[in-house]
Each structure stands twice: as structure tokens, then as C-alpha cells.
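What follows is a single structure, written as C-alpha cells, with notes after it.
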Amino acid sequence: MSQPTWRPGKRVAIAGGGPAAVSTALAFIQRGYDVRIFERQSECKPIGGAVLLNIPVLAILRSYGISMENIGSFTTTSFQNKNSHERVQLPFNKEIEKRMGIKGWQYGVLRSSIFQKMLNLLPSNVIYTSHEFKCYSELEDGIELTFQNGEKVTADLLVGADGIRSAVSRQAFGDPNLFHAGIRVWLAWCDQIPGIPENHGVISHDWQYQASFFPMLHEGKPGFEWWIVEHSYDGKPVPENPKEYLSNILQNWAQPLPRLLEATNFEQVYRWEIFNRPSMKTWSVGRVMCIGDAIHPVSPYAAYGLGMAVEDGYFLARALDGVDLRDGAAVRAGFEVFEKQRVDYVNHNMEFARFSGYMFHSLPWPLAKIRDWIFDYTPILGNLLKKDYLKKAEEQTMNMKELHV
């Protein structure tokens, strides 16, 4: 894929070098725009552990040119208590499977693996490293970016994809009012272990912890991603021995989670304190659009953070397809289309994930035990998942007709 010159009317500058930025770049390049990614670090390198990608995200990545052959395999997802009593199994939508040509709903991958596949699709001269965004200035028919190294670049459009502490978002919208979401996540993975079903994932809870696992592929090799979620707060002490600490949590948990822990290299375990910001009703100002964690950081209870970032880039480029970006009115009209498609949808997922984190990790013991009894013996959890998680995602997927096979 060759990258053209920096042509007025087609210049898209992206602050940040993560999955949201790279997805945006790939989507705009496909539509004939000139793109530059400005990353503050010396390289674009993913952080975090394993992630789950659902069908619409996989379809977008496929449209960019990523092969589905070594992504993973379809997986049934079961919600259980710690003793392996099943509460609900996440249903598949056969019509979506048929329309998209992808079986199942969620696939487990390592963040580093899928991000590298995305990076491999970019032209070599798109990424500008060691360019930390400082500020922007709106022009009559463009926007000027200034970087901490003193360099300046004029573009037609600025996409803020520079993470939860986004400098672009701060200039555009002010203090993000970040707050701790009340949970800490331990992300881990290990190679395949004989005797554990390869196409079955489990999300399980006791009264205060979540402990879950999912099959995945890493560089074409099968393995398992697993994670533990616990109550936390800003400044909570970090255990000196994470393996011992997590082993104590899983001591009486149903297999195979204790086996997965024993098979894990703890040098690769990632601890993640979850921060959020209040939901925003608009993500754009002038010629600036913020996406991904820069405007809607998502609790891992959505299992959708990286996925929504990938979707943001795709939908933004789709909304501006064919637009002369010098035309401010046309840009704003494209932004309105994008925000109409994305803002309420993303905010719903963001808020449902935040609510889920509170419900599973911040209720006092008596209420938590009542919650567990309700989820163990009634269909309420299944109804919540179908109504607040699956329904809107399935509706969005059915409307992505250009990606149907």
C-alpha cells in the first residue's frame, strides 16, 4: 500500500499510536486520504494483555486486509459461579454469523498480536515517532499542530487518539475529570494445556472477584488468556508477590483456572487500574474529533475497549468518505453522522460496563450474596446480557451491510 503526498483537502493528522489511531489510519488510507500518525514514544507498542474481539470488529479488520485464518476459533462463552454452576451461556446469532461469514461472537487474541497485524498493513512513512502532541490552532481551512519537539504540521483534520490522558481531548474539552472505576484487573495468558476444551470460555464470579478464561491464538499457536477482576481504588497497595496473591484468590476456584495460573509466566502478567471519565454527548470541536480512550475509556466489563476503538476509526472514515476536508461545513456534517452512529451506542456500553463493575465488586457482603442467588437461580443475568450487551451490538452489525459477505 503506497502512501501519497500531503495534499490539501485530504490531510488527516492522528495524535497517538495505538489501535484507535492505526484503525483510523487504515480506514482513511483505504478511502484515498493522506494520513500521518504522531506518536510520542519512540515506537508504536501495545500495552496490556489479551483481549476479546467480537464479530463486527473482526469484520472491520478483515476489510483492512487481515486474514481471519489465524485469528482464533469460535468460542462458546459461559457465565458461571466459582463452583462452575452455569448461570447463562451467551447465545450466537445465526443470521449475523451468516451475514458476516464468521462463526460465533467473540475471539480471544493477544493485544500485541492483533496490533502488530494492524501495524503491518500501514505504509512505512505514515508513523512519526517521538512526536508528543502539545497543542493545536484552528485555521480558516485547516488546523495547525504543534509538538513538544518544536515541530509544526498543518492538516485538514485532527483525530485525538492519544489515550485516556489525551492532550488533544484536554485542549478541546478541558479537564476530563478522570475517576477510578473501582476495579483492578490482572491480565495473563499461557500456552495450551491438554484436557481443557479449546472452544469454550468461562466468565465466573464469587461474591467479590471475577476469574475468567478464554481460548486464544498467539502467533498461530493455541493458548489461553485469563484474568482476575477485584475491587480497587486509587492508591491501593500493590501486592509484592502477584502469583501468591492471585493463587490465594483462586485457591477454592473450580478448575481449570488454578491450572492456568500455574502454567503462566508472571513476568508477562499485566496489572491494570481502571479509570473512567463522565460520558460525553459530543466528541468533536471544530476540526478535531476524539476517539477511543481519549474520549470514552471503557471498563473491561464491556470486553469491548479495543474493539470500540477499532470501530471508531472505521466509522469516522466512512462518515467522511469523499469529503474535501478543507470544507469546514462538510467536515462538521460528517462529524454529525459519525456521532449519531457512535456516541449513544458507545456511552451505553461504557455505562453498562461501569455498572457491572460496581455490581460485581462494590456491593457489601449481604447484598452480594443476594445478587449471587438471583444470578444462580433466575434468568435475570441472561436477560441483562441480551438487553444491555448483545442487542445493540447485533443491531449495529446488521447495519454494517458493506461488510456482509
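Taking ASP162 and the conditions (1) without any contact (Cβ under 8 Å) to a residue 12 or more places away in the chain; (2) at negative phi; (3) not hydroxyl-bearing (Ser, Thr, Tyr), which numbered condition does it fall short on, given that it satisfies the others?
In the conditions (1) without any contact (Cβ under 8 Å) to a residue 12 or more places away in the chain; (2) at negative phi; (3) not hydroxyl-bearing (Ser, Thr, Tyr), ASP162 misses (1) alone.
Can you tell me which residue is surrounded by the fewest Cβ atoms within 10 Å (Cβ to Cβ) among those in region 358-369 that are of a type outside the set (A, V, I, L, M, F, W, C) and under 17 Å from LYS82 (Cα atoms)?
Going residue by residue through region 358-369, those that are of a type outside the set (A, V, I, L, M, F, W, C) are 358, 361-362, 364, 366, 369.
From the residues that got through so far, the ones that are under 17 Å from LYS82 (Cα atoms) too are 361, 369.
Working: HIS361: 22, LYS369: 12.
Among those that are of a type outside the set (A, V, I, L, M, F, W, C) and under 17 Å from LYS82 (Cα atoms), it is LYS369.
What number of residues within region 165-180 are over 25 Å from GLY357 (Cβ atoms) and not in a helix (DSSP H, G or I)?
Adding up the residues that qualify gives 1.
Can you tell me which residue is surrounded by the fewest Cβ atoms within 10 Å (Cβ to Cβ) among those in region 12-45 that are farther than 19 Å from ASP293 by Cβ and of a type in the set (Phe, Trp, Tyr)?
Of everything passing the filter in region 12-45, TYR33 is surrounded by the fewest Cβ atoms within 10 Å (Cβ to Cβ).
With aliphatic (A, V, I, L, M), under 13 Å from the mean Cα position of the chain (by Cα) and surrounded by fewer than 24 Cβ atoms within 10 Å (Cβ to Cβ) as the only criterion, which of ALA330, ALA303 stands out?
Just a single option satisfies the conditions, and that option is ALA303.
Considering each of ALA50, ALA20 in turn, give the residue that is of a type in the set (A, V, I, L, M), modelled with pLDDT under 95 and in contact with an Asp or Glu (Cβ under 7 Å, 6 or more places away or on another chain).
ALA50
ASP321: in contact (Cβ under 8 Å) with a residue 24 or more places away in the chain and either surrounded by 17 or more Cβ atoms within 10 Å (Cβ to Cβ) or farther than 24 Å from TYR33 by Cα (or both), yes or no?
Here the answer is no, as ASP321 does not meet what is asked.
Could we say that ALA254 is at pLDDT 95 or above, small (Gly, Ala, Ser) and part of a strand (DSSP E or B) here?
No: the conditions fail for ALA254.
Any residue that is under 27 Å from GLU69 (Cβ atoms) and either of a type in the set (A, V, I, L, M) or free of Cβ contacts under 8 Å to residues at least 40 places away in the same chain (or both) - is there at least one of those in region 179-189?
Yes - at least one qualifying residue is present in region 179-189.
Name the helices (runs of 4 or more DSSP H) wholly inside region 337-405 in which the number of residues that are of a type in the set (A, V, I, L, M, F, W, C) is 3 or more. Step through it out loud before you land on a result.
Details: elements: 365-377, 380-385, 391-399.
The qualifying helices (runs of 4 or more DSSP H) are 365-377, 380-385.
Looking only at region 203-217, count every residue that is closer than 22 Å to MET68 by Cβ and surrounded by 22 or more Cβ atoms within 10 Å (Cβ to Cβ) and tell me the total.
Qualifying residue count, region 203-217: 2.
Being among the aromatic types (Phe, Trp, Tyr) and in contact with a Leu (Cβ under 9 Å, 6 or more places away or on another chain) is the filter; apply it to region 111-162 and report the residue that is farthest from ASN54 (Cα to Cα).
Step by step, filter region 111-162, then rank; the result is TYR136.
Which of the numbered conditions does PRO222 fail, given that it passes all the others? Conditions: (1) outside any strand (DSSP E or B); (2) surrounded by fewer than 17 Cβ atoms within 10 Å (Cβ to Cβ).
(1)
Can you name every residue in region 140-153 that is within 20 Å of LEU325 (Cβ to Cβ) and either exposed (fewer than 14 other Cβ atoms within 10 Å of the Cβ) or charged (D, E, K, R) (or both)?
GLU140, ASP141, GLU144, LYS152
One residue is enough: does region 277-292 have a residue meeting the conditions hydroxyl-bearing (Ser, Thr, Tyr), within 29 Å of GLY17 (Cβ to Cβ), at pLDDT below 95 and not in a loop (DSSP other than H, G, I, E, B)?
no
Scan (1) over 18 Å from GLY17 (Cβ atoms); (2) at pLDDT 95 or above; (3) surrounded by 16 or more Cβ atoms within 10 Å (Cβ to Cβ); (4) of a type in the set (S, T, N, Q) for the single condition SER169 breaks and write down its number.
(1) is the only condition that SER169 fails.
Which of (1) under 21 Å from the mean Cα position of the chain (by Cα); (2) over 30 Å from GLN208 (Cβ atoms) is the odd one out, the single condition THR76 does not satisfy?
So THR76 meets the others, but not (2).
State which residue is farthest from the chain's Cα centre (by Cα) when the search covers only region 285-296 and only residues that are surrounded by fewer than 24 Cβ atoms within 10 Å (Cβ to Cβ) and of a type outside the set (D, E, K, R). So that I can check it myself, show each step before the final result.
We begin by selecting, within region 285-296, every residue surrounded by fewer than 24 Cβ atoms within 10 Å (Cβ to Cβ); these are 285-288.
Add one more test, that the residue is of a type outside the set (D, E, K, R), and what stays is 285-286, 288.
Numbers: VAL285: 23, GLY286: 26, VAL288: 21 Å.
This residue is GLY286.
What residue, among those in region 372-405 that are touching a residue at least 12 places away in the same chain (Cβ under 8 Å), of a type in the set (A, V, I, L, M, F, W, C) and under 18 Å from TRP207 (Cα atoms), is surrounded by the most Cβ atoms within 10 Å (Cβ to Cβ)?
Restricting to residues being touching a residue at least 12 places away in the same chain (Cβ under 8 Å), of a type in the set (A, V, I, L, M, F, W, C) and under 18 Å from TRP207 (Cα atoms), the top hit is PHE375.
Here are the criteria: (1) part of a helix (DSSP H, G or I); (2) closer than 18 Å to ASP162 by Cα. Tell me which single one VAL298 does not satisfy.
Going through (1) part of a helix (DSSP H, G or I); (2) closer than 18 Å to ASP162 by Cα one by one, VAL298 breaks only (1).
The values are calculated or read from the model by the stated rules, or taken from the named source; none is laboratory data. Predicted, not measured: the structure shown is a model, and the values here were computed from it. We place every Cβ from the backbone using ideal geometry, glycine too, and count neighbours over all the protein chains shown.
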